[in-house]
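Visitor: To start, I am sharing the structure in question, which I have written as structure tokens.
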Amino acid sequence: MSLSKNEKAAGIVLVALLFLISLFSTRFFLGELKMGFADWIVFSSCSPVSYLFILFFLVFFIRRQFCWLVLTTLPVYYLGTLSMFVLPWTGTYLFAHAGHIIMTLSMFWALYVLVIHRQFKALATGLLLSILLFAPYIAHVQTYNQKHAGRLTTLLGNP
């Protein structure tokens, strides 16, 4: 089953925007803040998840298996969408929220594509795998960020 021209175009535009915002975020955390890779994985958890979404998007286009599109749904929803309701809409967080909005739109695009093409088995399989693969990562991110909240606040320069 193939996507329509508009579905492909929307997906490609969203992934391109997601890639750009993830590159900027990665450069900020690794370059300007001079964080180590391990800290980047948890303090900027949206970037690694976004890169995985992009990778799975490419795999979907190559293999034509819809399950790949929703493998990152849990972390995109939890770390991207829900962050918009927890983090303040000021300072350096505004740039992060731009990424969260793009992540959310990308997730909704993927879910829309699966539902409109009636790929319910792929949707269920992808969501189950998303939970199994990413629940431990989300738990690690939350635990690490709680333990090091003061350090992150200082690095970002937010009071």
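The values are calculated or read from the model by the stated rules, or taken from the named source; none is laboratory data. Small disclaimer: the values here were computed from a predicted structure and weren't measured. As a convention, Cβ positions derive from the backbone with ideal geometry for all residues, glycine included, and neighbour counts pool all protein chains shown. For accessibility, only protein heavy atoms count, side chains too; no ligands or nucleic acids. Shrake-Rupley method; radii C 1.70, N 1.55, O 1.52, S 1.80 Å.
Visitor: Would you tell me the accessible area of T73, worked out with a 1.4 angstrom probe on the heavy atoms of the protein chains, in Å² to the nearest 10?
Guide: Accessible area of T73: about 20 Å².
Visitor: Sort out the exposed loop trypsin sites (Lys or Arg not before Pro) in the chain (DSSP loop, at most 13 other Cβ within 10 Å) and tell me the longest stretch that has none. Before the final figure, lay out each step's value.
Guide: Working: sites that count: K34, R64, R118.
Here the longest run is 65-117.
Visitor: Helix-derived [θ] at 222 nm for the chain: sum -39500 (n - 2.57) over DSSP H runs of at least 4, divide by residue count, nearest 500? Numbers along the way, then the final one.
Guide: Details: 7 runs with 111 residues, N = 159.
When only DSSP H runs of four or more count, the value is -23000 deg cm²/dmol.
Visitor: Also, quick follow-up: From the backbone phi of the stretch 5-10, what are the Karplus-calculated ³J(HN,Hα) couplings (6.51 cos²θ - 1.76 cosθ + 1.60, θ = phi - 60°) in whole Hz, Gly and Pro given as x?
Guide: Rounded to whole hertz, the list is 4, 5, 5, 4, 4, 4.
Visitor: Just reorder H148, H117 by solvent-accessible area, largest first, 1.4 Å probe, all chains present. Don't jump to the answer; show the numbers that get you there.
Guide: Numbers: H148 60, H117 30 Å².
Order by accessible area, largest first: H148, H117.
Visitor: Please report the relative contact order for the chain, taking Cα pairs under 8 Å with a sequence separation of at least 6, and give it as a percent rounded to a whole number.
Guide: On the way: 148 pairs, mean separation 44.7, N = 159.
Averaging sequence separation for qualifying contacts and normalising by length gives 28 percent for the chain.
Visitor: With every protein chain left in place, what is the accessible area per residue of the chain in square angstrom, probe 1.4 Å? Don't jump to the answer; show the numbers that get you there.
Guide: Numbers: 8650 Å² over 159 residues.
Each residue of the chain exposes 54 Å² on average to a 1.4 Å probe.
Visitor: Follow-up question, since we're still on this one. For the stretch 107-119, what does the Karplus curve 6.51 cos²θ - 1.76 cosθ + 1.60, with θ = phi - 60°, yield as ³J(HN,Hα) per residue in whole Hz, taken in order and with x for Gly and Pro?
Guide: Computed from phi, the couplings for the stretch 107-119 are 5, 5, 4, 4, 5, 4, 4, 5, 5, 5, 9, 6, 9 Hz.
Visitor: Using a 1.4 Å probe on the protein heavy atoms, what percent of the accessible area of the chain belongs to carbon and sulfur? Write out the running numbers ahead of the final one.
Guide: Details: 6240 of 8650 Å².
Its accessible area is 72 percent carbon and sulfur atoms.
Visitor: For the pair R27 and N145, what calculated FRET efficiency results from E = 1/(1 + (r/R0)^6), where r is the Cβ-Cβ distance and R0 = 22 Å, to the nearest 0.05?
Guide: On the way: r = 21 Å, r/R0 = 0.94.
It comes to 0.60.
Visitor: Once Lys and Arg get +1 and Asp and Glu get -1 on their Cβ, which of G99, V86, F53 lies farthest toward the positive end of the dipole of the chain?
Guide: So the residue furthest toward the plus end is F53.
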